[in-house]
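Reading through the structure tokens given below for one structure.
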Amino acid sequence: MVEPDLIQDSLPHTNYTDSELGANFKKLRITDNVRELQTVLRDKTTSRGDFIFYADRLIRLVVEEGLNQLPYRHCDVTTPTGHKYEGLSYQRGNCGVSIMRSGEAMEQGLRDCCRSIRIGKILIQKDEDTREAKVVYAKLPPDIDQRKVLLMYPIMNSGNTVIKAVQVLKDHYVKEDNIILLNLFVTPQAAKALVKRFPNMKVLTSEVHPVTPNHFGMKYFGTD
């Protein structure tokens, strides 16, 4: 099955500036390490084993940065030597939601960072007759309207799938500014569509580029 947002037409090299996307759109700082991970994932000669290994590394970086967008509270603890330490602790009430199927590749990275976090799922497919993306399945925590939501979807070409998923969350009374989208690769037109439609939602990605590695889900799950 090819996911709706992975059906990619010929894409123009759209020019954009970071300022056009607003303060809620954030990218990882591009280091040589990050660029190597992006390169390996784009290389058609990369074996599936290496692809999964490097994808998991990039996912972990995006997840860790996504956690920086969550609210913290001040927390004082006592060290084993009896000293007081002024630290931080996450505020309670966070959850993850993966957009199936490729979004499920990001679940383990989130669990590795947040051991007991609850994760919901949304499945969106293209209707064979109308060719429109439709919501097929949604399983979400019953109190999701009270939570910060880390929405996971690695590849965005048009943004239509994510737009549908965010609307599902909003239909469950999740506030737009409580949604943080975790993404690996996004096209400029998808990025613009998302920030225009949901200006209060935070978006975190590793790269904005006219051509995304749209083989990601098939390569990761071995269905190519």
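Rule-based calculations on the coordinates, nothing more; no lab input. Since we're looking at a predicted model, the values are computed, not measured. All Cβ positions, even for glycine, are placed from backbone atoms using ideal geometry, and neighbour counts span all protein chains on display.
Span-like helix criteria (full DSSP H runs; alpha carbon extent of at least 27 Å along the helix axis; mean Kyte-Doolittle hydropathy of at least -0.5) are satisfied in the chain by 48-67.
Could you list the GluC sites (Glu not before Pro) in region 89-137 that lie in coil according to DSSP, counting only those with at most 15 other Cβ atoms within 10 Å of their Cβ?
Passing sites in region 89-137 are E128, E132.
Gain in length, R101 to R115, computed as 0.36 nm per residue apart minus the alpha-carbon separation, to one decimal in nm? Walk me through the intermediate numbers first.
On the way: separation 14, 0.36 × 14 = 5.04 nm, distance 2.15 nm.
Gain in length upon complete extension: 2.9 nm.
Remark on K126: its backbone amide H falls under 5 Å from those of K134, a criterion applied only to residues 5 or more positions apart or on other chains, H modelled at 1.01 Å from N.
For region 95-102, 3J(HN,Hα) computed residue by residue from phi via the Karplus equation (6.51, -1.76, 1.60; θ = phi - 60°) reads 8, x, 9, 9, 8, 6, 9, 4 Hz, glycine and proline entered as x. As a calculated quantity, the FRET efficiency between Y173 and D129 at R0 = 35 Å, using C-beta atoms, amounts to about 0.65. Per-residue extension of 0.36 nm, minus the Cα-Cα distance of Q146 and T45, leaves a gain of 31.9 nm for this segment.
Applying both filters, DSSP loop and at most 15 other Cβ atoms within 10 Å, to the trypsin sites (Lys or Arg not before Pro) of region 118-224 gives R131, K175. The phi torsions of region 133-142, fed into the Karplus equation with coefficients 6.51, -1.76 and 1.60 and a -60° offset, translate into couplings of 6, 10, 6, 9, 7, 8, 10, 10, x, x Hz, rounded to whole numbers, with Gly and Pro shown as x. Secondary structure note: in region 16-221, about 35% of the DSSP beta bridges are antiparallel.
Within the chain, what is the longest stretch that has no chymotrypsin sites (Phe, Trp or Tyr not before Pro) placed in a DSSP loop and near at most 16 other beta-carbon atoms within 10 Å? If you can, show how the numbers build up before the last one.
Details: sites that count: Y16, Y173.
Result, exposed sites excluded: 17-172.
Placing +1 on each Lys and Arg Cβ and -1 on each Asp and Glu Cβ, with no other charges, gives the chain a dipole about its Cα centre of roughly 420 debye. Taking amide H as placed 1.01 Å from N in the peptide plane, the amide H of M152 sits under 5 Å from that of V97, S98, I99, L182, each at least 5 places away or on another chain.
Charges were assigned to the Cβ only: +1 to each Lys and Arg, -1 to each Asp and Glu. The resulting dipole of region 103-224 about its Cα centre is roughly 280 debye. Please report, to two decimal places, log10 I(q)/I(0) for the chain at q = 0.07, 0.13, 0.15, 0.16 Å⁻¹ as given by the Debye formula with identical point scatterers on the Cα atoms and no solvent. Debye output, listed in q order: -0.22, -0.75, -0.99, -1.12. Round to a whole angstrom and tell me the spacing of the C-alpha centers of region 76-127 and region 24-38. Each part's Cα centre sits 21 Å from the other's.
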